[in-house]
Amino acid sequence: MPRLIMFLAIPALLFALPWWTLVAAPTSGASTLFSLGTAVFLLGYLTLPPAMTAGHGARQSDLASIVGDTLLGIMWVFFSWSVIGTVAGWALALAGVDDRARIVATGVFAVSTVLVVYGIVEARRVPRVRTVHVDIPGLGPSLDGLRLVVVTDTHYAALDRLRWSERVVELVNAQQPDIACHAGDLADGSVAKRHPQVDTLGKVEAPFGRFYITGNHEYFGDGPGWIDHMTSIGWQPLHNQHEIVTRGGDSLVIAGIDDPTGKAVPGHGPDLDAALANADPSLPVVLLAHQPRQIADTVAAGIALQISGHTHGGQIWPFHYLVRLEQPVVAGLSRHSDRTQLYTSRGTGFWGPQLRVFAPSEITVLILHPESPRAAA
């Protein structure tokens, strides 16, 4: 019962404030616009919970998922700007401005509509390439300039993004990666339903290896199945294990651990000790770990660099403030000890609502360099 109440109360809040801001306040509750607007908001409220249940529950209806996710994203934008509009309305009241309810409603509707359109375009576009240079303590000179190309949070799901996936692969290959990494949340749903979109990743070219770890969303579907499938298309899953990359006599450890959600599946869940078992402790380590909050164990192990995703950079502003309550970093390169750095990608795709607002997607090129004496100091 408490879960049911929360399941109904959260959508009610998402719809109630925009309804008041856009419909009730400017019309004073008495007009055709009030009746039509109220009917639209009520229909949306009655649609969202069952659509989300059918789309993400046992049925996994793709149509329901598209409807529910899109509606959720749109309402988050309208809710967020209704909050801002409410504050602006108080300021207008203090300034003695008349008809402020209509002014606020017009502003909120205009800004929200523009951001929804912009957010859909931004989410569906091919990601921008972001290049970051990273100093790695103990990296051998022969590995200077090693290029790790990172994709993560592709979330292949109900919307068929096969052509998008093909263009992502073309762009990844254009970066001439030495190593390709997928840092989890590959797809939402079963291998049988989503593999046509995923299979294009088999065309990624990286001479020193293509490495993949599970995210939390694989375990909402079929984590072990996705590990097997990525193996079948030529990727190396790092299921609490590591590989050694060697060039010109210098070596680097590439390790990976499961997402914490995997603990619900026998034999899964993060095990950093197992991932580093028998690795030469003198070699620098790059670790793939889906969630930034896994950095605490990474620091304790003295690992040079952790690569994560999961946050989507917040995906739809201002959701990143809520993400920050759970994760230590939302996006970018950050330092967490004298030895350990963390790179958090904003993600290559999107989850759920096909919107990205002020949180652009990315394909990341991490170029590794030996740590200079100045950086070490």
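In the condition set (1) small (Gly, Ala, Ser); (2) in contact with a helix residue (DSSP H, G or I) (Cβ under 7 Å, 6 or more places away or on another chain); (3) open to solvent by less than 30 Å² (accessible area, probe 1.4 Å), GLY234 is compliant with all but (3). Does PRO360 fit the bill of being open to solvent by 20 Å² or more (accessible area, probe 1.4 Å) and modelled with pLDDT of 95 or more? Yes; evaluated as a whole, the condition is true for this residue. Of everything in region 317-357 that is basic (Lys, Arg) and not in a loop (DSSP other than H, G, I, E, B), the residue that is surrounded by the most Cβ atoms within 10 Å (Cβ to Cβ) is ARG324. Determine whether region 74-97 contains at least one residue that is out of contact with any His (no Cβ under 6 Å at 6 or more places or on another chain) and farther than 20 Å from ALA25 by Cα. Yes, some residue in region 74-97 is out of contact with any His (no Cβ under 6 Å at 6 or more places or on another chain) and farther than 20 Å from ALA25 by Cα. In summary, no helices (runs of 4 or more DSSP H) completely within region 1-116 bear 3 or more residues that are among the charged types (D, E, K, R). Quick check on region 329-352. Is at least one of its residues in contact with a strand residue (DSSP E or B) (Cβ under 8 Å, 6 or more places away or on another chain), modelled with pLDDT of 95 or more and under 20 Å from PHE78 (Cα atoms)? No, the conditions are met nowhere in region 329-352. Looking at this structure, is PRO260 farther than 28 Å from TYR118 by Cα and over 18 Å from the mean Cα position of the chain (by Cα)? No, not satisfied.
Taking residues in region 141-159 that are farther than 30 Å from ASP69 by Cα, and partners anywhere that are open to solvent by 30 Å² or more (accessible area, probe 1.4 Å) and not aliphatic (A, V, I, L, M), the pairs with Cβ atoms closer than 6 Å and at least 6 places apart or on different chains are SER142/ARG247; SER142/GLY248; SER142/GLY249; SER142/ASP250; LEU143/ARG247; LEU143/ASP250; ASP144/HIS369; ASP144/PRO370.
Of the residues ASP273, ASP259, ASP280, the single one that is open to solvent by 60 Å² or more (accessible area, probe 1.4 Å), within 15 Å of ASP297 (Cα to Cα) and among the acidic types (Asp, Glu) is ASP273.
Just to be sure before I move on: is VAL129 aliphatic (A, V, I, L, M) and assigned to a helix (DSSP H, G or I) in the structure I sent? Here the answer is no, as VAL129 does not meet what is asked. What pairs come up if the first residue lies in region 24-43 and is over 17 Å from ALA101 (Cα atoms), the second is part of a helix (DSSP H, G or I) and at pLDDT 95 or above, and their beta carbons are under 7 Å apart, counting only those six or more places apart or on different chains? Close Cβ pairs (under 7 Å, with a partner that is part of a helix (DSSP H, G or I) and at pLDDT 95 or above) amount to PHE41/PHE15; PHE41/TRP19; PHE41/VAL23. Test GLY302 against the criterion of being part of a loop (DSSP other than H, G, I, E, B), more than 16 Å from THR154 (Cα to Cα) and of a type outside the set (D, E, K, R), and give yes or no. Spelling it out, GLY302 is indeed part of a loop (DSSP other than H, G, I, E, B), more than 16 Å from THR154 (Cα to Cα) and of a type outside the set (D, E, K, R).
Among the residues making up region 135-151, those that are in a helix (DSSP H, G or I) and surrounded by fewer than 18 Cβ atoms within 10 Å (Cβ to Cβ) are PRO141, SER142. Out of all the residues in region 172-181, is one or more in contact (Cβ under 8 Å) with a residue 60 or more places away in the chain and open to solvent by 40 Å² or more (accessible area, probe 1.4 Å)? No, there is no match, as no residue in region 172-181 is in contact (Cβ under 8 Å) with a residue 60 or more places away in the chain and open to solvent by 40 Å² or more (accessible area, probe 1.4 Å).
The values are calculated or read from the model by the stated rules, or taken from the named source; none is laboratory data. Not measured: the values here are computed from a predicted model. Reconstructed Cβ throughout: ideal geometry from the backbone, glycine too, with neighbour counts over all protein chains shown. Note: accessible area is taken over every heavy atom of the protein model, side chains too, but ligands, DNA and RNA are not part of it. Shrake-Rupley method; radii C 1.70, N 1.55, O 1.52, S 1.80 Å.
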